[in-house]
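A single structure is presented below for examination.
Bear in mind these aren't lab numbers, they're just calculated from the coordinates by the rules spelled out. In this text the structure is predicted, and so the values were computed from the model without any measurement. Here the Cβ positions follow ideal geometry from the backbone for every residue, glycine too, while neighbour counts run over all protein chains shown.
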Amino acid sequence: MQGIKLLLNSEVLRVLNVNTNTNTNTNTNTYMTLFDDALIGIFHSTFDGKFTYANKALSTIFKYDSPEEVISSIESIDTQLLAKEYNRAEIVEQIRRTGKVTNHEVKYQCKDGSIVNALLNMQIIKDIEGNELYLEGFITDVTSLKEKEKRLEENEQMLQELNEELEATLHQLAANEEELRANYEELKEKEAMKESYECLFNNSLDAIVHFDEKERIIDVNTEFMQLFGYKIEAVKGKHINDIVDPFQKIEGHLTYEALKKGDCQFRETVRFDRSGNPIHVFVKGVPIVINKRTVGGYAIYTDVRFIKEAKKQITTQQKILESLFKYSPDGIVHLDMNCKIQKINKAFIDIFGYTSDECIGKTIDELITSQEYFEEAQVINDLASRNEKIEVDTVRRTKDGTLVDVCIRGGPIIIDGQVTGDHAIYTDIRARKEAEDQIKYLSYYDKLTGLYNRAFFEEELKRLDTKRQLPLGIIIGDVNGLKLTNDVFGHLSGDQLLANTAQILKKACRKEDIVCRWGGDEFAILLPHIDKEGIKKICKRIYHLCEESMDTPIQISIALGYGIKYKEIEPMIDVMKEAEEQMYRNKLLESKSNRSHIINSLQKSLYERSHETEEHAQRMKELSIVLGKSLNLDNDKINELGLLAILHDIGKMAISDAILQKPGPLTSQEWEQMKRHSEIGYRIAETSPELIHISKYILYHHERWDGAGYPQGLKGDEIPLLSRIIAVVDVYDVMTNARVYKEAISHQEAIQELIRCSGSQFDPTIVNKFIRLFK
């Protein structure tokens with residue numbers, strides 16, 4: 001309640017300080033005039049609880065039509081007005097003890113039965129001789145503030161619960177993550193072991209056979225199939241000796257029992273292929289032990305027909321190396337001791353564009369190294385000659401002069417311990433560089449606007465904050481209406497507002513200026529070598545371009561502030577602070593005009609996009625004012641009614657054109673979208689102090705007298721009076737004026753329709769008053 005108690009403003013205090021003991025008529029009249037026009041409720045009452053005076057604000061708070069009705073209707077404040085839990089006699093007694101009560105929280109029951117939360121300030125008025133004359137009280141309605149405080153407390157409680165739930169979830173996620181990491185590491189280790197085994201088994205140059213306890217073949221590798229001439233389907237499940245000695249020509253085979261006893265039988269022997277041809281091999285048995293039990297084994301056969309096999313292996317290796325050289329995706333070049341090209345592969349030709357004949361015998365650096373990288377190339381050559389590891393990202397030149405990003409790796413070619421030349425491997429890294437540039441771009445640029453981001457701004461500020469760049473200027477800008485745009489038209493429109501603003505700032509600035517998105521709806525511009533006149537011209541261009549912008553639902557508007565650093569010793573943070581403070585001052589000074597500008601912009605767009613016209617709004621305003629006067633509304637309510645007539649459908653701005661301009665009936669889904677316009681209009685009005693007092697009337701202007709309306713299904717007197725009035729006037733004007741989707745009907749037909757809907761859709765009293773206007 002601390003915030004509520006501060007509601008007693010300077011006007012109340014001035015009223016309290018009026019000398020109530022004066023006996024002059026002039027002072028008394030002045031005194032009572034102040035009370036009549038006060039914005040808070042003021043009353044005089046007898047000690048037994050009967051009003052003798054009430055001002056207009058008091059009757060409004062208690063929802064009576066006039067102060068006179070309050071005085072005449074309420075015989076006992078204690079029983080008719082004050083809530084049951086409060087005792088007026090106790091309050092009066094407290095005043096007698098202390099002289100007054102200040103900011104006393106009470107509840108009153110209004111004329112319509114609703115409860116008002118209020119702060120009561122009351123004192124006893126005495127005459128010159130000290131005799132008690134009457135009680136004087138001041139009442140401030142704090143119902144809405146109490147509701148807001150309650151919602152705030154509920155939201156804080158909900159946030160606390162969500163935070164606790166989130167923290168518990170994060171702890172659980174951390175525990176799950178740790179367990180998953182451990183499982184993953186274990187699985188990865190097992191997978192690595194499995195892959196190592198499979199790699200060893202499948203790629204071994206020895207013939208390997210896997211057999212079980214009964215010496216039956218479970219699996220063989222490729223070398224085994226090649227060596228003995230079998231396919232795997234022919235040997236699986238067979239006894240190993242029936243395969244390696246199909247004609248039973250020898251004795252002393254490798255056995256499971258021998259492996260079980262530890263005899264691995266590493267020895268040279270003879271085995272036979274499928275056709276019975278002898279093969280000289282070294283044989284070795286390896287037991288397979290699981291849980292301390294031998295469950296099978298491996299028989300490994302190494303072919304010792306060395307000369308033939310050696311030649312075969314050399315040929316195979318040569319083919320492999322040739323294939324690697326020929327088909328490598330990297331450019332490979334062999335160089336002699338003088339760095340002259342001996343051989344290149346296809347990838348080198350593809351990268352640099354030279355044919356083999358154009359390369360052979362040429363010095364590699366003269367061929368592909370541009371002048372600015374020649375010194376670096378000499379360093380690389382020196383490293384290669386010393387057999388040091390080389391891996392460097394650099395740039396080399398193609399045949400047509402294009403510079404290509406490459407990674408160079410290489411080293412010496414050593415044969416029989418002698419260095420015979422060098423090899424260099426060139427990897428085209430243009431794609432990688434583009435990816436790195438993209439990552440760098442993302443780290444320094446704002447994705448939405450394409451401008452530099454705050455991180456880049458801070459780096460550039462350090463770079464430019466030097467004597468050489470003085471005078472150094474900065475502009476800070478804050479976009480107006482972003483929250484309204486997001487709330488009403490959605491975040492895509494808000495994003496478009498920011499993107500268009502960014503383009504305006506870039507267009508208005510010089511080429512050397514650094515334009516950044518500072519964050520949210522704020523922008524910052526660094527301007528080297530600029531004076532006050534120059535920076536003011538740029539601000540003026542920005543404002544002019546904003547006024548010309550027509551690509552967003554709300555015309556672009558921005559508050560600007562600037563600062564200039566002239567001296568090297570002046571801290572840049574002070575200059576930024578000056579610019580920011582100036583921007584906030586300008587935003588404050590322009591806030592009212594900006595809000596009016598935004599509302600006018602919305603209203604104009606509404607007329608352009610929907611069936612609502614300025615003529616419709618003007619007719620409604622005139623009819624509403626006449627009807628309001630016939631209902632004896634005061635001037636304030638009449639003014640509110642006129643403004644409501646013009647802006648009651650402002651929420652249609654956020655409804656799609658396809659729905660607003662549809663000539664035929666709306667579907668159920670389209671109608672649900674259309675019904676949102678009253679809530680959207682309410683949110684728009686809530687953002688502007690000039691419209692907040694009519695926001696609830698906009699929200700409820702489609703409620704029905706019988707409770708079947710929207711958005712909240714209010715019924716009867718629950719619907720605000722001004723909303724009920726505008727509902728009748730709006731329907732009448734729509735019926736009597738043509739629209740794209742319907743023809744106009746006559747005045748008499750419209751009156752009959754209002755009578756038909758009186759008591760269901762419309763307030764009967766207002767319908768009757770409206771009909772009498774035309775008699």
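Highest first, please rank the peptides 726-736, 282-292 by the mean number of other Cβ atoms sitting within 10 Å of their residues. Provide the component values of the computation, followed by the final result.
Working: 726-736: 20.6, 282-292: 13.6.
Per-residue mean Cβ counts within 10 Å order the peptides as 726-736, 282-292.
Now for a separate question. So what's the gap between the Cα centers of region 619-640 and region 367-403, to the nearest angstrom?
Going from one Cα centre to the other spans 87 Å.
Also: Could you give the distance between the Cα centres of region 128-144 and region 500-520, to the whole Å?
Rounded to whole Å, the Cα centres lie 59 Å apart.
What is the P(r) of region 363-435, as percent of Cα-Cα pairs per 10 Å bin from 0?
P(r) over region 363-435, rounded to whole percents: 19, 49, 26, 6, 0.
Between residue 771 and residue 201, what is 0.36 nm times their sequence separation minus the Cα-Cα distance? Round to one decimal in nm. Don't jump to the answer; show the numbers that get you there.
Numbers: separation 570, 0.36 × 570 = 205.20 nm, distance 10.08 nm.
Taking residue 771 through residue 201 to full extension adds about 195.1 nm, to one decimal.
Provide 301, 327 in ascending order of the number of other Cβ atoms located within 10 Å of each residue's Cβ, fewest first. Write out the running numbers ahead of the final one.
Working: 301 22, 327 10.
Ordered from fewest to most neighbouring Cβ atoms within 10 Å, 301, 327 come out as 327, 301.
Between residue 395 and residue 109, what length in nm is gained on full extension when 0.36 nm per residue of separation is reduced by their alpha carbon distance? Don't skip to the answer; put the middle values down first.
Working: separation 286, 0.36 × 286 = 102.96 nm, distance 8.52 nm.
Computed gain between residue 395 and residue 109 is 94.4 nm.
Kindly provide the Kirkwood hydrodynamic radius of region 610-772 in Å, to one decimal, from all pairs of distinct alpha carbon atoms. If you can, show how the numbers build up before the last one.
Working: mean 1/r = 0.0624 Å⁻¹.
16.0 Å is the Kirkwood radius here.
Next question. Kindly give the semi-axes, whole Å and largest first, of the ellipsoid equivalent to region 204-304, taking each as the square root of 5 times a Cα gyration tensor eigenvalue. Don't jump to the answer; show the numbers that get you there.
Values: eigenvalues 83, 43, 31 Å².
Rounded to whole Å, the semi-axes are 20, 15, 12.
What translational D, rounded to a whole number of µm²/s, comes out for region 449-597 from Stokes-Einstein when the hydrodynamic radius is the Kirkwood one over Cα pairs, at 25 °C and 0.890 mPa s? Present the calculation step by step, with values, prior to reporting the outcome.
Working: Rh = 15.6 Å.
It comes out at roughly 158 µm²/s.
Would you mind ranking 335, 497 by Cβ crowding within 10 Å, fewest neighbours first? If you can, show how the numbers build up before the last one.
Working: 335 22, 497 27.
Taking fewest neighbouring Cβ atoms as first place, the list is 335, 497.
When only alpha-carbon atoms are used, what values of Rg and Dmax, in angstrom, describe the chain?
Cα radius of gyration and Dmax of the chain are 46.1, 146 Å respectively.
Once you put a point 7 Å from the Cα of residue 270 and another 7 Å from the Cα of residue 510, both along the Cβ direction, what distance in nm separates them?
Distance between label points: 9.8 nm.
Sort 177, 522, 69 by Cβ crowding within 10 Å, fewest neighbours at the top. Kindly include the intermediate steps, with their values, before the conclusion.
Values: 177 10, 522 18, 69 14.
Fewest-to-most ranking of 177, 522, 69: 177, 69, 522.
For region 43-159, report the convex hull volume of the alpha-carbon atoms normalised per residue, in Å³, without decimals.
On the way: hull volume 13.5 nm³, N = 117.
So the per-residue hull volume is 116 Å³.
Obtain the nm distance between the two label points defined at residue 460 and residue 132 by a simple spin-label model: each point lies 7 Å from its Cα along the Cα-to-C-beta direction.
Using points 7 Å along Cα→Cβ, the separation is 7.5 nm.
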